[in-house]
Amino acid sequence: MTATQKQRISDKANQFTESVIREMTRVALQYGAVNLAQGFPDFPCPPELKRAACEAIEQDINQYAITWGDKAFRHAIADKVKWYLGLNIDPERQITVTCGSTEAMAAVMLATLNPGDEVIIFEPYYENYGPDVILASATPRYISLHPPEWTFDEAELRQAFNERTKAIIINTPHNPTGKVFTREELNLIAELCQKWDVLVFTDEIYEHILYDETPHIAMATLPGMEERTVTINGLSKTYSVTGWRVGYILSNPELTGAIRKVHDFLTVGAPAPLQRAGVVAMQLPITYYQELAKRYQQKRNDILQILDRVGIPYSIPKGAYYVFADISSFGYKNDVEFATYLTKEIGVAVVPGSGFFSQSEAGKKFIRFCFSKKPETLAKAEERLLKLQSNL
Ligand code: PLP
């Protein structure tokens, strides 16, 4: 007798698709395209970080660190958060070190959400948030950000909050649009979170990549918000080490207890020698961040000039390292068709906009360019993109 075949794939896994961003990187490699798809720098990290990582390995820091993070690293994070954000974080009770901010967001949700809970997500969004909510058995509730400034409608947001709302996700500076949430916007969100007793999961991984003197405002610094805000961050973007997989979470002691348990059973811990190198990262002087912002400002200006020359309209990013561009004038059926053409025929890989929306229709006139690249990479992309002009 043979058993009836069981459904092998979980309902949760069936609810979301493969990451479009990571898929585009694979296609870029296959076609030898300049990769302006996935969000990683193609230039080296600071040399002192490399040295610190090598030294840590030489010094045999090769075994498990404390599950919620190397002590020296947690203390260095607390010191850096104090000077940059002005927050007093207890490194013993309020920090969890994770395998990237990707694991951080998943661990936070698994530690706080229950079936029936709703999580508000602004869209377009960084594509991990929806699957994270689903994996945590909760329900995403999407609120639109509207171009060109990617603002939200106050009435729509007010309506989205209800008894089931457990949390709202903020990502500022924002991937993919480059939006930086203003104090006024954050105040409104804070008011609603306090009214409905809602947590904020704020992804501030681009906190140092800001343009045109735009200030970064951390939700945890708003009056009455520190206790209900979970701040997610990591080394990936600020220190150009996306492959190191080191992230961290700041949260109140009660939430930290639950998050640390989930994190422990998910991964045990983040790479020990790289956390040691993270101490050096956290201790870099303020001039490091000033230089970083200056270098990115130049890259941002360069890519906008390239897009102007090619004739692709866009929203000007105020932060992060992406441009969300409007491709409707090129006459392609949708974003996927255009992005595929761009990768295979023109030789520049980008991410189709629909990957950032819950309904692919909403993203069909957008593509995302990542510009955290060397000047020569951007120059090569320009050379190829100029071929597009003949299609206009
Ligand atoms: N959050 C946002 C908004 C991102 O854009 C990215 C990467 O592109 C991540 C998180 C992933 O960060 P990490 O490398 O720390 O997992």
ask   = For the residue pair Arg51 and Gln389, what label-to-label distance in nm results when each label sits 7 Å from Cα along the Cα-to-beta-carbon direction?
value = 4.6
ask   = In whole angstrom, how far apart do the alpha carbon centroids of segment 222-246 and segment 32-89 sit?
value = 12
request  = Just subtract the alpha-carbon distance of Gln298 and Thr182 from 0.36 nm times their residue separation and send over the number in nm, one decimal.
outcome  = 39.5 nm
request  = Determine the percent antiparallel among the DSSP beta bridges restricted to the chain, to the nearest 5.
outcome  = 45
query = On average over all directions, what projected area in square nanometres does segment 29-119 have, based on the convex hull of its Cα atoms?
reply = 10.4
For segment 62-284, projected area of the alpha-carbon convex hull averaged over all directions, nm² = 11.3
message = Can you classify the chain as rounded, prolate or oblate using the Cα gyration tensor, where a ≥ b ≥ c are the square roots of its eigenvalues, rounded means a/c under 1.5, and otherwise it's prolate if a/b beats b/c and oblate if not?
response = rounded
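Read-outs: derived from the displayed coordinates by stated rules, not from any lab. What you see is a predicted model, and the numbers here were worked out from it, not measured in a lab. Cβ atoms come from the backbone with ideal geometry, glycine included; neighbour counts cover every protein chain shown.
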